[in-house]
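Derivation of every value follows stated rules applied to the coordinates shown; laboratory data play no part. Since this is a predicted model, take the numbers as computed values, not measurements. Note: ideal-geometry Cβ built from the backbone for every residue, glycine included; neighbour counts use all protein chains shown.
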Amino acid sequence: MIGARRETRYVDHDPGREPVGLCVMLPGRVYPPGPALFFTTVSLLAHGWRVRQVWWEPPEVIVYDEQDYAWVADQLDLALDGFDGRVLVVAKSLGSLAAPVATQRAYESIWLTPLLTQAPIATALRDQPAQQLTVIGTADPFNDPAALAACSGATVEIPDADHLLEVPDGAVATAKVHVTIAEAVEDWLVGS
Amino acid sequence: MIVAVVGLGKVGHLYLRVLRSAGIKVISVDPRGHADHRDLDQALRRSVDVWVIACPTASHMPALAKLLAVEPASRVLVEKPICEPSQVDELRRLLARYPEASVLVSDAYSHSDAVARLRDQVVGSAAGLREISVDMSKNRTRDVELGRFVDHELGETAYEWTHMYRIASCIGGFDLATMPSLLEERANYRGRVLEIEFPDWSLRLSSGIDGEIVGARRPELYRGKNAKMVEVGSIPYSSEFRHRAIEVTFKDGVVAGVLFEPFYEEVPDYKNTHLYYVLDESGRTDTVEMRQNHFSDSSIAQIQSLHAGPAGQRSDLALTEIQVLVQTASLLAAAEVREEVS
């Protein structure tokens, strides 16, 4: 098994009050809790969520077959550790391989740069019965406009943003992108 | 047609040059600043017809996986070897996951006129084969010191052995898929020559990386300093001369062979000047100079096949080749241990 020889650790954040539920935050392959996930964590804590950030060592080669989907789903289950209350999944990129299981279990979800070119993910985001927010850039090679349009819930498409949510105009423009994302997350949390 | 070359090392630049010379529009991808795009994510926004993966071997699979994740029907030419032995499982899964993807492994001699001529001679021979010998030697000491062409899993086997097996398979007319069992049952590595016994003929493969030439040698057919190097069987440190010789011996005593670049630095277009020769029973030698850039012709032919051919084209032998290289590396390593012990 891929996961057996790789180490996963968690960084837990407590909201300082009775949590409304548990958020499991799944990172990308080369995107540990970076800026988009950091600001999302800040918002989630303010809204009373307990946040478990997953730091993983994914396989170097991601094939996106059943084995990889199962590995990510296992990571989600291991992070949940049997928790049976309200669950929110926040995932960036590779973490979006948890989409099929999130939809199956109707977990509320925030997807940052999900791999919409992958049919199981596009289908899961289309069929998600729970509250859902999807954020992706127009310059992200994993963006599929038709799949994005079909997503249930709220969607935000960032002009010119790539898979790292970076835009070509430099740091300030990229920071503004993250303000847009933080606002979208805040609005979604207020409405959900 | 637009071709994207991923990885601008020595081979990547070679692709760039030959494809542009052929009038094909090429874009390049490399994290170093001199490419059109610094990463695949950027390049994937472009409309690309065929991808060429020419980055270091360990990076082939991550690059291929990324391409196929975004464009499942991508058409891709991958430099050899297609992956490292430890990545074979991922390769198998990847090819199964994306059946519509076309993935070929580069074969620089697939359209070599000289190899085809030798094959025709074998096919037309009434006497039948006695032996095929292929030697590809170079002094790679400096390359290794500079960290170039270093393969941490396959070692020296990663350099020329794919070419030698494919050439031998083409000329000898045997299925490369049978090679794993042949290596298991009928191979010996001694005196730095890998000998494989077929029922009525034998195959001898050798590849020196320290400049020693151990395969068939015909110094009289070389020119200038090259003749001397071949005669003494040693290529000096830092020389870029490569000894690449194929020789076929028939049962009636006739010998036919090909020398690639035998006039190294001795004639204007030495890189593309090769020599085909035949030694008859009486010892008379006939030679024919053959001019061809077989890397260019083979690369362009494979890329055009990817572009114009159906979806799902595959080098079926990609996985077998890795297995064969692993077996060869193991045979070579075992022989080294035996030599050290003795």
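Screening B:Cys83 against (1) in contact with a helix residue (DSSP H, G or I) (Cβ under 8 Å, 6 or more places away or on another chain); (2) within 13 Å of chain A (Cβ to nearest Cβ); (3) farther than 27 Å from B:Tyr189 by Cα leaves a single unmet condition, (3). Could you tell me whether B:Leu129 is touching a residue at least 24 places away in the same chain (Cβ under 8 Å), of a type in the set (A, V, I, L, M) and more than 14 Å from chain A (Cβ to nearest Cβ)? Against the criterion (touching a residue at least 24 places away in the same chain (Cβ under 8 Å), of a type in the set (A, V, I, L, M) and more than 14 Å from chain A (Cβ to nearest Cβ)), B:Leu129 qualifies. For the range A:121-132, taking the residues that are more than 27 Å from B:Leu40 (Cα to Cα) and buried (at least 22 other Cβ atoms within 10 Å of the Cβ), the one that is nearest to the chain's Cα centre (by Cα) is identified as A:Gln132.
Rundown of residues vs (1) within 14 Å of chain B (Cβ to nearest Cβ); (2) among the β-branched types (Val, Ile, Thr); (3) within 21 Å of A:Phe142 (Cβ to Cβ), yes/no style:
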| residue | (1), (2), (3) |
| --- | --- |
| A:Met25 | no, no, yes |
| A:Pro33 | no, no, yes |
| A:Ser43 | no, no, no |
| A:Gln53 | no, no, no |
| A:Pro58 | yes, no, yes |
| A:Ile62 | yes, yes, yes |
| A:Leu76 | no, no, yes |
| A:Phe83 | no, no, no |
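For the range B:87-124, name all the residues that are at the interface with chain A (Cβ under 10 Å from one of its Cβ atoms) and not hydrophobic (A, V, I, L, M, F, W, C). B:Gln87, B:Asp89, B:Glu90, B:Arg92, B:Arg93, B:Arg97, B:Tyr98 - these are the residues of the range B:87-124 that are at the interface with chain A (Cβ under 10 Å from one of its Cβ atoms) and not hydrophobic (A, V, I, L, M, F, W, C).
Identify the residue in the range A:29-83 that is in contact (Cβ under 8 Å) with a residue 60 or more places away in the chain and of a type in the set (S, T, N, Q) and, among all such residues, is surrounded by the most Cβ atoms within 10 Å (Cβ to Cβ). Out of the qualifying residues, it is A:Thr40. Test of understanding: among B:Val11, B:Val48, B:Val52, B:Val18, which residue is among the aliphatic types (A, V, I, L, M), within 14 Å of chain A (Cβ to nearest Cβ) and either over 19 Å from A:Val30 (Cα atoms) or out of contact with any strand residue (DSSP E or B) (no Cβ under 7 Å at 6 or more places or on another chain) (or both)? After ruling out the rest, the residue left standing is B:Val48. Out of the residues in the range B:47-56 that are more than 15 Å from B:His37 (Cβ to Cβ) and surrounded by fewer than 22 Cβ atoms within 10 Å (Cβ to Cβ), which is farthest from the chain's Cα centre (by Cα)? Residue satisfying both the conditions and the ranking: B:Asp49. Go through the residues of the range B:132-144 one by one and say whether even a single one is assigned to a loop (DSSP other than H, G, I, E, B), among the charged types (D, E, K, R) and more than 25 Å from B:Phe198 (Cα to Cα). Scanning the range B:132-144, I find at least one residue that is assigned to a loop (DSSP other than H, G, I, E, B), among the charged types (D, E, K, R) and more than 25 Å from B:Phe198 (Cα to Cα), so the answer is yes.
Among the residues of the range A:84-103, is any of a type in the set (Ser, Thr, Tyr), free of Cβ contacts under 8 Å to residues at least 60 places away in the same chain, more than 13 Å from A:Gly28 (Cα to Cα) and in a loop (DSSP other than H, G, I, E, B)? Scanning the range A:84-103 turns up no residue that is of a type in the set (Ser, Thr, Tyr), free of Cβ contacts under 8 Å to residues at least 60 places away in the same chain, more than 13 Å from A:Gly28 (Cα to Cα) and in a loop (DSSP other than H, G, I, E, B). None of A:Ala98, A:Ala70 is more than 14 Å from chain B (Cβ to nearest Cβ) and small (Gly, Ala, Ser) except A:Ala98. Condition check: crowded, with 20+ Cβ neighbours inside 10 Å and in contact with a Pro (Cβ under 9 Å, 6 or more places away or on another chain). Does B:Leu194 satisfy that? So B:Leu194 fails the test.
Can you tell me which residue in the range B:117-135 is nearest to B:Val214 (Cα to Cα), limited to those that are surrounded by 15 or more Cβ atoms within 10 Å (Cβ to Cβ) and of a type in the set (A, V, I, L, M, F, W, C)? Only one residue fits best here, namely B:Val134.
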